[in-house]
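To start, the structure under review is shown below, and the notes come after it.
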Amino acid sequence: MLRNPYPLIINFLVLVFFLLAFLSAELKGKMTLLGIAILLFGLPAIVSFGNVAWIVYAARIIFGLVCYLFIRKQGLL
């Protein structure tokens, strides 16, 4: 059983916002969003960051907020 489900919920929301922003962006925006998502989600899976993990987690939250604002600007939500 999970003791703290909040990181899982936040990661899920960030991925949903990323996918919606990715679908509404043009080619240059898609490449930028994809590069940032690979850095934030792929790199920590490969390299252990130790104490820096909270900074990566905070960066994911900021990335999710930026994607949400981009979706709102595009008029999808």
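The test for being touching a residue at least 24 places away in the same chain (Cβ under 8 Å) and surrounded by 10 or more Cβ atoms within 10 Å (Cβ to Cβ) holds for residue 13.
So, restricting to helices (runs of 4 or more DSSP H) that lie completely within region 16-77, which ones have at least 2 residues that are open to solvent by 80 Å² or more (accessible area, probe 1.4 Å) and not β-branched (Val, Ile, Thr)?
Values: elements: 27-37, 43-46, 53-74.
Helices (runs of 4 or more DSSP H) meeting the threshold: 27-37, 53-74.
Inclusion of residue 20 among residues that are among the aliphatic types (A, V, I, L, M) and in contact with a Leu (Cβ under 7 Å, 6 or more places away or on another chain) is warranted.
The values are calculated or read from the model by the stated rules, or taken from the named source; none is laboratory data. Small disclaimer: the values here were computed from a predicted structure and weren't measured. Glycine also receives a Cβ, built like all others from the backbone with ideal geometry; neighbour counts cover every protein chain displayed. Just the protein is used for accessible areas: all its heavy atoms, side chains included, with ligands, DNA and RNA removed. Shrake-Rupley method; radii C 1.70, N 1.55, O 1.52, S 1.80 Å.
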